[in-house]
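I have placed the structure first, in the form of structure tokens, so that the comments after it can refer back to it.
Bear in mind that the values in this text are calculations on the coordinates, not laboratory data. None of these values were measured; they are calculated from a predicted model. Here the Cβ is made from the backbone with ideal geometry for all residues, glycine too, and neighbour counts use every protein chain on show.
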Amino acid sequence: MDTGRDPAALPLYETPALREATWRRWRHPVVRDLAWVLASPPLLQPSGTGLRWLNDAWGERAFRASEGWLAALDQHPAPLRDVLARRPGRLGTYFETLLLFWLSWPGNPLYRLVAHNLPVRTKTRTLGELDFLVEERASGALQHWEVAVKFYLGVAPGGAHAGWIGPGLKDRLDLKVERLLQHQLGLTSRPEAVGLLRHLGLPMPKPVCLLRGRLFYPPHSDLVAWAPDGAAAGHLTGWWMPQQDFLALYADAGLQWIRLPKEHWLTPVDLDAPDTDAVPIGASLEANRLVEALRAAADNRAAAVVGLLDRQEVTRGFITPADWPSILEPA
């Protein structure tokens, strides 16, 4: 059957690692997502920030050290599912809970969890929480980890972090980086945190940032010119475009499309995978039907979608209303 344009000629913006079997080998989506938390590329790898940003080499090491454990967990995932069920919430909470489960693993050969969400308080208020305090087993050094998973759409080239906006227009990359550096990772320098650590018998920790996610570019853009300053060389990518541009590119491409629930934003979609405990993903539609459904929903947010060929994901992006992102001012 003639499927129109060759999908390979369209703006897929997928890194080769996503099409490897790293994620698809696991039967259970929660185990697949946990492997992604460990091994997916970092979003940023800036220099000169005075802290360690966990990089690709770290992810490879963490994943290889955990492969046997992940395989056993894939056979008996009930402990992980139980922990996730006790901490429902947003995608960021899901991401953090997956990492917590790994750090809490008694056999973890790399780290020992010391504290999680440790509150730092004055006499009258809470200043914030330390995401993770972990001890590196090889060196015995204490580390303070701040972690996040983020998805941003680029609206201007040139490298400025302010040109990268969340799909709901409530978040920006510059605001997140500033909060990570100035507030979250700076919390341990506050006198209240110093006193708390001393009270717990802990040394001053080394700051570490784990930032995962994906950056979405306008179709056919020069990724080098558009990438934000400090973007990791192998960061995950996708595209974004208004509804009419999407139809112009994909209406005759022969792909099926799914509007993607947030629960499926981490790992690739494969409708033939045995997703025995997966959140329902919804029916696939042709491009025209998908846009009709988006227009009927009258939703001002950018909609996450995946394109499927032979029931497997081949491209991922966001479709926006015509006047996005000028509908709302980002917070």
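Observations, loosely collected:
- Anisotropy class of the range 26-102 from Cα gyration tensor, a/c 1.5 cut: oblate
- Cα-Cα pairs of the range 280-320 separated by more than 15 Å (percent): 43
- Anisotropy class of the range 147-305 from Cα gyration tensor, a/c 1.5 cut: prolate
- Note: relative contact order over the range 103-262, using C-alpha pairs below 8 Å and six or more positions apart, is 21 percent.
- Leading residue at positive end of dipole, the chain (Cβ point charges), from LEU215, LEU110, VAL149: LEU110
- Equivalent ellipsoid of the range 216-325: semi-axes from √(5λ) of the C-alpha gyration tensor, largest first, are 22, 19, 14 Å.
- Using C-alpha pairs under 8 Å with a sequence gap of at least 6, the mean separation divided by the residue count of the chain gives a relative contact order of 22 percent.
- Restricting attention to the range 7-320, lysine pairs at least eight places apart or on different chains and with alpha-carbon atoms under 19 angstrom apart total 4.
- Charged side chains reduced to their Cβ positions (Lys and Arg at +1, Asp and Glu at -1) give the range 7-320 a dipole of some 1080 debye around its Cα centre.
- From its DSSP helices (H runs of at least four residues, each -39,500 (n - 2.57)), the chain gives a residue-normalised ellipticity at 222 nm of -8500 deg cm²/dmol.
- Rg/Rg_ref, the range 7-320, where Rg_ref = 2.2 N^0.38 Å and atoms are Cα: 1.04
- Global geometry of the range 30-155, whether rounded, prolate or oblate, following the gyration tensor of its Cα atoms and the 1.5 cut on a/c: rounded
- Among LEU91, LEU169, LEU127, the largest mean-square fluctuation in a Gaussian network model of the chain, built with springs joining Cα atoms closer than 10 Å, belongs to LEU127.
- Alpha carbon centroid spacing (whole Å) that separates the range 221-300 from the range 139-181: 21
- DSSP bridge analysis restricted to the chain gives an antiparallel fraction near 60%, rounded to the nearest 5.
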